[in-house]
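See structure below.
Just so it is clear, none of the values below were taken in a lab; they were calculated from the coordinates. Since we're looking at a predicted model, the values are computed, not measured. Counting neighbours? That spans all protein chains shown, and the Cβs are built from the backbone with ideal geometry, glycine included.
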Amino acid sequence: MNEHRAAYYELIARRQMAPLWESLHNLVPPQPKPQAKAAIWQYAQIRDLVMQAGAVISAEEAVRRVLVLENPGLPGKSSITPSLYAGLQLILPGEIAPSHRHTQSALRFIIEGRGAWTAVNGERTTMRPGDFIITPSWTWHDHGNPSAEDGGEPVVWLDGLDIPLVASLDAGFAESFPEATQPVTRPEGYSFARFGHNMAPVRERVSDPTSPIFSYPYERSREALDKLYRHGDLDAWDGVKLRYVNPMTGGWPMPTMATFMQYLPAGFQGRTSRSTDATVYCVVEGHGTAHIGDAEFSFSKHDVFVAPSWQPVRLSALAESVLFSYSDRPVLAALNLLREERI
Ligand code: 1HN
């Protein structure tokens, strides 16, 4: 850079100004240039480390005992994509993760272990592998696990939150509940009885952008995918792919995160697609290969992998596979920024 310019840049910097012409091409790229990278966390390589966290700190002291899955392209940002957070949470038999609430929305996708429960708005639900559970913005939530004698096992789940999005908007609020657990005011299954059977309470009005169902059991999703596959509903890009819905609106379960489950038959070789929503995948069953941009990952049961915005994605399955995924699609769609291409 010539001296005259450099001196000028220093002068304007002192007045909190900067020359747009130096950064214009980066600010308005011809197409998305994600800083986030395609990445995979292979469960077989990290499971031990997740379990070791149980000896490093108690759930009580940690408040949430979670290993954050940090995108290698976004170091230090506690983010798996620019808008989304992912982490693996461990709760041991006899532990409680104390009640709190925050404006960030959360989802849980149960990976392994039985017995633990989570409570949302006065109702507890048992967590089972493959279940998708939501903790909507500003709802009290606590998690617990019965003692080993009462059938509690170490339970691990994937947490998905919109933390980076909320941070970028400076809209984060949080508070603790005065006690470790919130009072249970409704029996398990109450919300599902009201909204989970293609029926709804007759005088219920839609006032909330958030689903009144907070647990979506794996059994039901798996059965649906199986039936559709056997009927021949196989898409060349997605296999058999369903999205989770808010039964009151038909929209997404929460305003900031979309969630999906898809089935890929053994031998499936998907075609390539890309979209501006960045997606986090969690393998529920099976194994196969994910091509994301220039990266090629072998995925197996319980692995987590991420596809950044606009990177071409191609999925193949060596064995019958099921993938759960979540993305920031509702945000992009609401802002008219969702673009998709099937290649
Ligand atoms: C949170 O509340 C949970 O409730 C998990 O289990 C992970 C990460 C950041 C902020 C809040 C939970 C979280 C979190």
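In whole Hz and in residue order, list the ³J(HN,Hα) couplings for the stretch 210-224 that follow from phi through the Karplus curve 6.51 cos²θ - 1.76 cosθ + 1.60, θ = phi - 60°; x for Gly and Pro.
Values per residue, Gly and Pro as x: 10, 5, x, 8, 10, 10, 10, x, 4, 3, 6, 5, 5, 5, 5 Hz.
With only alpha-carbon atoms counted, please give the Rg and Dmax of the chain, in Å.
Cα only, the chain: 21.7, 76 Å (Rg, Dmax).
Could you compute the net charge surrounding P82? Neighbours are other residues with a C-beta less than 15 Å from the C-beta of P82; K and R count +1, D and E count -1.
With Lys, Arg at +1 and Asp, Glu at -1, the net is 0.
If you take the Cα Rg of the stretch 88-237 and divide it by 2.2 N^0.38 Å, with N the number of residues, what do you get?
1.14
Residue-wise, which Karplus ³J(HN,Hα) couplings in Hz belong to the stretch 134-143, taking 6.51 cos²θ - 1.76 cosθ + 1.60, θ = phi - 60°, and x for glycine or proline?
The phi angles translate into 10, 10, x, 3, 6, 9, 4, 8, 9, 10 Hz.
Add +1 for every Lys or Arg and -1 for every Asp or Glu among the other residues with Cβ under 12 Å from the Cβ of A97, and state the total.
-2
Given Cα positions, please report Rg to Rh for the stretch 99-183, the hydrodynamic radius being the Kirkwood one. Don't skip to the answer; put the middle values down first.
Details: Rg = 13.6 Å, Rh = 13.5 Å.
For the stretch 99-183, the value is 1.00.
Given the alpha-carbon gyration tensor of the stretch 296-343, what are the semi-axes of its equivalent ellipsoid in whole angstrom, ordered largest first, with each equal to the square root of 5 times an eigenvalue?
25, 13, 9
For the chain, find the longest principal axis of its Cα atoms and tell me its angle to the long axis of helix 43-56, 0 to 90°, nearest 10.
With both axes taken from Cα atoms, the answer is about 80 degrees.
Hey, if you put +1 on the Cβ of every Lys and Arg and -1 on every Asp and Glu Cβ in the stretch 214-294, which of M254, G239, G270 ends up farthest toward the positive end of that dipole?
With unit charges placed on the Cβ atoms, the residue in question is M254.
Would you work out the charge dipole size for the stretch 190-288 about its Cα centre, treating the Cβ of every Lys and Arg as +1 and the Cβ of every Asp and Glu as -1, and quote it to the nearest 20 debye?
I would put it at about 160 debye.
For the stretch 158-253, what are Rg and Dmax over the alpha carbons, in angstrom?
For the stretch 158-253, the Cα-based Rg and Dmax read 17.6, 53 Å.
Calculate how large, on average over all directions, the projected area of the Cα convex hull of the stretch 237-343 is; give the answer in nm² to one decimal.
Dividing the Cα hull surface by four gives the mean projection, 6.3 nm².
How big is the gap, in Å, between the Cα center of the stretch 298-314 and the Cα center of the stretch 198-267?
So the separation of the two Cα centres works out to 20 Å.
With each label point set 7 Å from Cα along the Cα-Cβ vector, what nm distance links E340 and E112?
Label at E340, label at E112, 3.4 nm between them.
Hey, with R₀ at 35 Å, roughly what FRET efficiency would R222 and K33 work out to, going by the Cβ-Cβ distance, to 0.05?
0.40
Set Lys and Arg Cβ to +1 and Asp and Glu Cβ to -1, take the dipole of the chain about its Cα centre, and tell me which of L165, T118, Q311 lies farthest positive.
Working it through, the farthest residue towards the positive pole turns out to be Q311.
If amide H atoms are built 1.01 Å from N in the plane of the peptide, which residues on other chains or at least 5 residues away come under 5 Å of the amide H of N71?
The answer is S79, I80.
With a cut-off of 20 Å, note down the residues of the stretch 152-190 whose backbone N falls inside the zone around a label point 7 Å from the Cα of T103 toward its beta carbon.
The answer is 160-177, whose backbone nitrogens lie closer than 20 Å to the label point.
Using a 7 Å offset from the Cα along the Cα-to-Cβ direction at both L169 and N26, what is the distance between the two label points in nm, to one decimal?
2.7 nm
Can you give the helix-only mean residue ellipticity at 222 nm for the chain, where every DSSP H stretch with n ≥ 4 adds -39500 (n - 2.57) and the sum goes over all residues, rounded to the nearest 500 deg cm²/dmol?
-5000 deg cm²/dmol
Would you mind classifying the stretch 36-160 by shape? Square roots of the alpha carbon gyration tensor eigenvalues, ordered a ≥ b ≥ c; an a/c under 1.5 is rounded, otherwise it is prolate if a/b is larger than b/c and oblate if not.
Because a/c hits 1.5 or more and a/b fails to exceed b/c, the stretch 36-160 counts as oblate.
Enter the angle in degrees (range 0 to 90, nearest 10) between the Cα long axis of helix 3-13 and the first principal axis of the Cα atoms of the chain, meaning the one along which they spread out most.
The helix 3-13 is inclined about 40 degrees to the chain.
What FRET efficiency would be calculated for the residue pair A193, T289, taking the C-beta separation as r and a Förster radius of 41 Å, to the nearest 0.05?
0.50
What per residue convex hull volume, in Å³, comes out for the stretch 253-297 when only alpha-carbon positions are used?
Working: hull volume 4.7 nm³, N = 45.
Hull volume normalised by residue count: 105 Å³.
For a test of understanding, tell me how many lysine pairs in the chain have Cα atoms under 24 Å apart, given they are 8 or more places apart or on different chains.
Counting lysine pairs in the chain gives 6.
Provide the per-residue ³J(HN,Hα) series for the stretch 180-187, in order, calculated from phi with Karplus coefficients 6.51, -1.76, 1.60 and θ = phi - 60°, each as a whole number of Hz, with x at glycine and proline positions.
So the Karplus estimates, Gly and Pro as x, are 4, 10, 7, x, 8, 10, 9, x Hz.
Compute, for the chain, the length of the dipole vector about the Cα centre, with Cβ point charges of +1 (Lys, Arg) and -1 (Asp, Glu) only. Units Debye, rounded to 20.
Details: 31 positive and 38 negative charges, 179 e Å.
My answer is approximately 860 debye.
Determine, from the Cβ-Cβ distance of R186 and Q42 and an R0 of 56 Å, the FRET efficiency 1/(1 + (r/R0)^6), rounded to the nearest 0.05.
Efficiency computed from Cβ-Cβ geometry: 0.90.
Could you tally the net charge around F214, taking each other residue with its Cβ under 15 Å from the Cβ of F214, Lys/Arg +1 and Asp/Glu -1? Numbers along the way, then the final one.
Details: positive: R101, R108, R124, R128, R186, R194, R220; negative: E123, D131, D142, D159, E188, D208.
Taking every Cβ under 15 Å from that of F214, the sum is +1.
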